[in-house]
Amino acid sequence: MTFGRYFVLLLFLAPVLMGKAQPQPYYAFDNLDGMTQHVCVRSMAQSADGMMWLATERGLYSYDGYHVINRSMGNEVVDSLKVGSFNHLLAVDDSLIIGCEKGLLSFDLKTHRFRSLAYVEGEMVKGMARIGSTLWVATRTALYKDGQIHSPSPANIISLYSDEQRLYIGTMNAVYRYSPQTQQLETITDEVTYAACFLYDPHNHYIWIGTASYVMVWDIRAMKSVFT
């Protein structure tokens with residue numbers, strides 16, 4: 001083979017060889033605590049100091065860019081309360097609010113101490129949101145505003161979401177929107193089954209609704225579905 005052909009072949013293979021030399025654009029944390037079983041991450045949050053926090057069925061993990069640490073393993077408060085899996089996280093000032101399978105916890109980011117928020121003791125937390133300084137917590141049976149049961153409160157709550165002005169409440173068969181300013185609860189749609197998650201698009205005034213079998217995009221101004 002002549003030098004010219006070698007040169008053409010090298011030009012052809014160079015992008016492939018260079019591509020293989022590139023580092024991976026991601027890192028897989030497939031063994032968080034050194035055990036053989038994988039950990040199911042149910043929620044994530046980032047505190048003001050840049051620390052990443054992961055809620056899992058094995059408790060609370062932190063990641064500082066170098067080390068993954070289980071912050072709840074062997075903790076006396078967590079073990080005594082028997083709260084089950086950690087399912088939801090919300091960073092609030094110098095604390096993490098943790099929605100659990102059986103109750104609600106607060107984790108102090110400075111002292112790394114857990115404490116129980118007893119007003120939902122024993123109940124499964126389905127979602128959390130913050131509007132201004134007000135903390136909203138949803139269980140299957142009730143909606144709480146700063147620790148007090150709020151009325152009106154839809155039944156069979158599955159999820160809770162906030163666009164920082166209003167609450168979106170998903171249930172087994174409907175989606176509601178609640179405005180704390182007007183104290184008005186309105187039905188966005190009753191055409192869904194198991195409204196599990198939300199995402200608000202402020203540009204188009206759409207609410208994306210993830211259900212048990214599909215994604216619905218709801219036009220809030222026209223009050224109709226624009227995509228299913």
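The values are calculated or read from the model by the stated rules, or taken from the named source; none is laboratory data. Everything quoted here is computed from the prediction, not taken from an experiment. Because the Cβ atoms are built from the backbone with ideal geometry, glycine has one as well, and the counts that use them run over all protein chains shown.
Structure notes:
- The residues of region 161-183 that are among the basic types (Lys, Arg) and under 12 Å from TRP136 (Cβ atoms) amount to a single one, ARG166.
- Note on region 184-200: among residues that are surrounded by 14 or more Cβ atoms within 10 Å (Cβ to Cβ) and farther than 18 Å from ARG140 by Cα, the one that is modelled with the lowest pLDDT is GLU191.
- Here is the figure for region 139-159: residues that are farther than 14 Å from LEU185 by Cβ, assigned to a strand (DSSP E or B) and of a type outside the set (Val, Ile, Thr) total 3.
- Filter result for VAL78 (among the β-branched types (Val, Ile, Thr), closer than 30 Å to SER179 by Cβ, out of contact with any Asp or Glu (no Cβ under 7 Å at 6 or more places or on another chain) and surrounded by 18 or more Cβ atoms within 10 Å (Cβ to Cβ)): no
- Restricting SER116, SER153, SER179 to residues that are among the small types (Gly, Ala, Ser), under 21 Å from ALA45 (Cβ atoms) and surrounded by fewer than 21 Cβ atoms within 10 Å (Cβ to Cβ) narrows the list to SER116.
- Matching residues in region 177-198 - criterion: being part of a strand (DSSP E or B) and in contact (Cβ under 8 Å) with a residue 12 or more places away in the chain: ARG177, TYR178, SER179, LEU185, THR187, ILE188, THR189, CYS197, PHE198
- Subset of region 45-68 that is without any contact (Cβ under 8 Å) to a residue 60 or more places away in the chain and exposed (fewer than 13 other Cβ atoms within 10 Å of the Cβ) - its residue that is nearest to ASP94 (Cα to Cα): ALA48
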